[in-house]
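Asker: Take a look at the following structure, please.
The values are calculated or read from the model by the stated rules, or taken from the named source; none is laboratory data. This one's a predicted model, so the numbers in the text were calculated from it and none came from an experiment. Methodologically, a virtual Cβ is constructed for each residue, glycine included, from the backbone with ideal geometry; neighbour enumeration extends over all protein chains shown.
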Amino acid sequence: MSVYEIYVEKKADYAEEAASVAADLRLGLQINKIDKVRIINRYFAEGISQDDFNSVKNTVFSEPPVDIVYDKLPSFNEPEKKCRVFAAEFLPGQFDQRADSCAQCISLATGKKRPVINSSKIYAVYGDINDDEFSRIKIWLINPVESREASMEKPSTLEIKYEQPDDIKTINDFILLSDTDLDKLRIDMNLAMDLQDIKFCREYFRDEEKRDPTITEIRVLDTYWSDHCRHTTFLTELDEIQIEDKQIRDSYEKYLELRLSLGRSDKPVTLMDMATIGAKALKQKGLLADLDESEEINACSVKIKVDVDGKDRTGF
């Protein structure tokens, strides 16, 4: 099926994102020559008929009161103004909420199977900008962890073809490695896990799986045992603490007093315990009546009452 395209831009009075980006570039990159920025959301659609695509153009992809819709990429030429243009899109495999929402809405509106939608942002930066400044602007606006610069051309298809990977390498004799060799492997692979972690892996694959692991398996385990997921740093027991700064030392002494009053003296001293001791003390005093508790320890929500047109509403 054909690939259809549509371009959506906020009307001047509602182009808050574009104005914010322009201000950020001027302040963050110190490029005062930027006159303005235009942002256009580009959508490509495949797996949908022309009639169905036309029927949702002004309902799913845009909001007529605040948006301008173009069937083709608009011209960015303006009298006596220089302009640099580029596009950014999510990396393959990254979740694109804007595209997914469009696909769901189109399916609901037409009663048919979801089409394939690809979305991207087109930035038009106006001003007397040199090549180095333009490169810095792209680096500022495109997060390489999740995004990449996109082609300005319309694709012939939205189907993504992935190359078949080579055979995944097995770490030969992993289950037979000595502690010394295991530690060397950990360092050579630049793993986040420590020696005890990788020894545990060796014993598991040796005693349970009875085989050597693949590199992918070790990498996945290493990711899920990283500090971000496992809170290794925050849960490390602190058995010897020396504090020179009096103010920080006084705060630490207050923490120890709270532990004693809460009956937590038998618990290990950790950064996580320090971070949560205040909430535990407030809860004991009955000052957190609206506290929502769960087994999750690395996130929180704040619930408050707000006045909306004279009526109390609960917000998060």
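Asker: Please find, within the range 133-156, the residue that is surrounded by the fewest Cβ atoms within 10 Å (Cβ to Cβ) out of those that are without any contact (Cβ under 8 Å) to a residue 24 or more places away in the chain and closer than 11 Å to Leu91 by Cα. Show your work before the answer.
Answerer: First, the residues of the range 133-156 that are without any contact (Cβ under 8 Å) to a residue 24 or more places away in the chain: 135, 139, 143-145, 153.
Now drop any that are not closer than 11 Å to Leu91 by Cα, which leaves 143-145.
Details: Asn143: 12, Pro144: 9, Val145: 7.
The qualifying residue surrounded by the fewest Cβ atoms within 10 Å (Cβ to Cβ) is Val145.
Asker: Return the total of residues in the range 1-38 being under 30 Å from Lys113 (Cα atoms) and not polar (S, T, N, Q).
Answerer: Of the residues in the range 1-38, 9 are under 30 Å from Lys113 (Cα atoms) and not polar (S, T, N, Q).
Asker: Moving on to the next point. Does at least one position in the range 168-181 carry a residue that is surrounded by 14 or more Cβ atoms within 10 Å (Cβ to Cβ), closer than 30 Å to Arg38 by Cα and touching a residue at least 24 places away in the same chain (Cβ under 8 Å)?
Answerer: Applying the first criterion (surrounded by 14 or more Cβ atoms within 10 Å (Cβ to Cβ)) to the range 168-181 yields 170-171, 174-175, 177.
In the following step, the residues that additionally are closer than 30 Å to Arg38 by Cα were identified as none.
No, the range 168-181 contains no residue that is surrounded by 14 or more Cβ atoms within 10 Å (Cβ to Cβ), closer than 30 Å to Arg38 by Cα and touching a residue at least 24 places away in the same chain (Cβ under 8 Å).
Asker: If you go through the range 231-276, how many residues are assigned to a loop (DSSP other than H, G, I, E, B) and either within 24 Å of the chain's Cα centre (by Cα) or not hydrophobic (A, V, I, L, M, F, W, C) (or both)?
Answerer: Residues meeting the conditions: 15.
Asker: Moving to a separate point now. Looking only at the range 103-113, which residues are touching a residue at least 12 places away in the same chain (Cβ under 8 Å), polar (S, T, N, Q) and surrounded by fewer than 14 Cβ atoms within 10 Å (Cβ to Cβ)?
Answerer: Residues of the range 103-113 touching a residue at least 12 places away in the same chain (Cβ under 8 Å): 103, 105-106, 109-110, 112-113.
Filter again for polar (S, T, N, Q), leaving 110.
Residues satisfying the conditions do not exist here.
Asker: Of all residues in the range 103-127, which are within 21 Å of Arg148 (Cα to Cα) and either in contact with a helix residue (DSSP H, G or I) (Cβ under 8 Å, 6 or more places away or on another chain) or part of a loop (DSSP other than H, G, I, E, B) (or both)?
Answerer: Start the filter on the range 103-127 by keeping residues that are within 21 Å of Arg148 (Cα to Cα), which leaves 116-125.
Across the range 103-127, the qualifying residues are Val116, Ile117, Asn118, Ser119, Tyr123, Val125.
Asker: Let me ask something additional. Any idea which residue in the range 1-44 is farthest from Lys81 (Cα to Cα), counting only those that are outside any loop (DSSP other than H, G, I, E, B) and in contact with a Gly (Cβ under 6 Å, 6 or more places away or on another chain)?
Answerer: Residues of the range 1-44 that are outside any loop (DSSP other than H, G, I, E, B), as a first pass: 4-10, 12-14, 16-28, 34-44.
Now drop any that are not in contact with a Gly (Cβ under 6 Å, 6 or more places away or on another chain), which leaves 34-35.
Values: Ile34: 10, Asp35: 9 Å.
In this case the residue turns out to be Ile34.
Asker: Can I ask one more? Just checking, does the range 92-102 include any residue being in contact (Cβ under 8 Å) with a residue 12 or more places away in the chain and part of a strand (DSSP E or B)?
Answerer: no
Asker: Next up: Return the residues of the range 47-91 that are touching a residue at least 40 places away in the same chain (Cβ under 8 Å) and in a helix (DSSP H, G or I); say none if nothing qualifies.
Answerer: Of everything in the range 47-91, those that are touching a residue at least 40 places away in the same chain (Cβ under 8 Å) and in a helix (DSSP H, G or I) turn out to be Gln50, Asp52, Phe53, Ser55, Val56.
Asker: Where residues in the range 186-213 are at pLDDT 95 or above and in contact with a Phe, Trp or Tyr (Cβ under 7 Å, 6 or more places away or on another chain), which of them is nearest to Ile168 (Cα to Cα)?
Answerer: The selected residue is Pro213.
Asker: Of all residues in the range 214-230, count the ones that are closer than 30 Å to Met272 by Cβ and more than 23 Å from the chain's Cα centre (by Cα).
Answerer: Of the range 214-230, the ones closer than 30 Å to Met272 by Cβ are 217-230.
This time we only want the ones that are more than 23 Å from the chain's Cα centre (by Cα), so: 217-218.
So the answer is 2.
Asker: Quick one: in the range 1-15, of everything that is touching a strand residue (DSSP E or B) at 6+ places or on another chain (Cβ under 7 Å) and of a type in the set (Asp, Glu), which residue is surrounded by the most Cβ atoms within 10 Å (Cβ to Cβ)?
Answerer: Looking at residues that are touching a strand residue (DSSP E or B) at 6+ places or on another chain (Cβ under 7 Å) and of a type in the set (Asp, Glu), I get Glu9.
Asker: Mind telling me which of the residues Asp207, Asp183 ends up being closer than 30 Å to Val269 by Cα, part of a helix (DSSP H, G or I) and either over 32 Å from the mean Cα position of the chain (by Cα) or outside the structural domain of Thr270 (by TED's automatic domain parsing) (or both)? Explain how you work it out, then say what you get.
Answerer: On the way: Asp207 fails: closer than 30 Å to Val269 by Cα.
Unique residue meeting the criteria: Asp183.
Asker: Tell me which of these Ala192 doesn't satisfy, since it passes every other one: (1) in the same structural domain as Asp71 (by TED's automatic domain parsing); (2) in contact (Cβ under 8 Å) with a residue 24 or more places away in the chain; (3) of a type outside the set (Lys, Arg).
Answerer: With respect to (1) in the same structural domain as Asp71 (by TED's automatic domain parsing); (2) in contact (Cβ under 8 Å) with a residue 24 or more places away in the chain; (3) of a type outside the set (Lys, Arg), Ala192 is out only on (1).
Asker: Related question: When you look at Ile160, is it in a helix (DSSP H, G or I), in contact (Cβ under 8 Å) with a residue 12 or more places away in the chain and of a type in the set (Val, Ile, Thr), yes or no? Explain how you work it out, then say what you get.
Answerer: Numbers: in a helix (DSSP H, G or I): no; in contact (Cβ under 8 Å) with a residue 12 or more places away in the chain: yes; of a type in the set (Val, Ile, Thr): yes.
Here the answer is no, as Ile160 does not meet what is asked.
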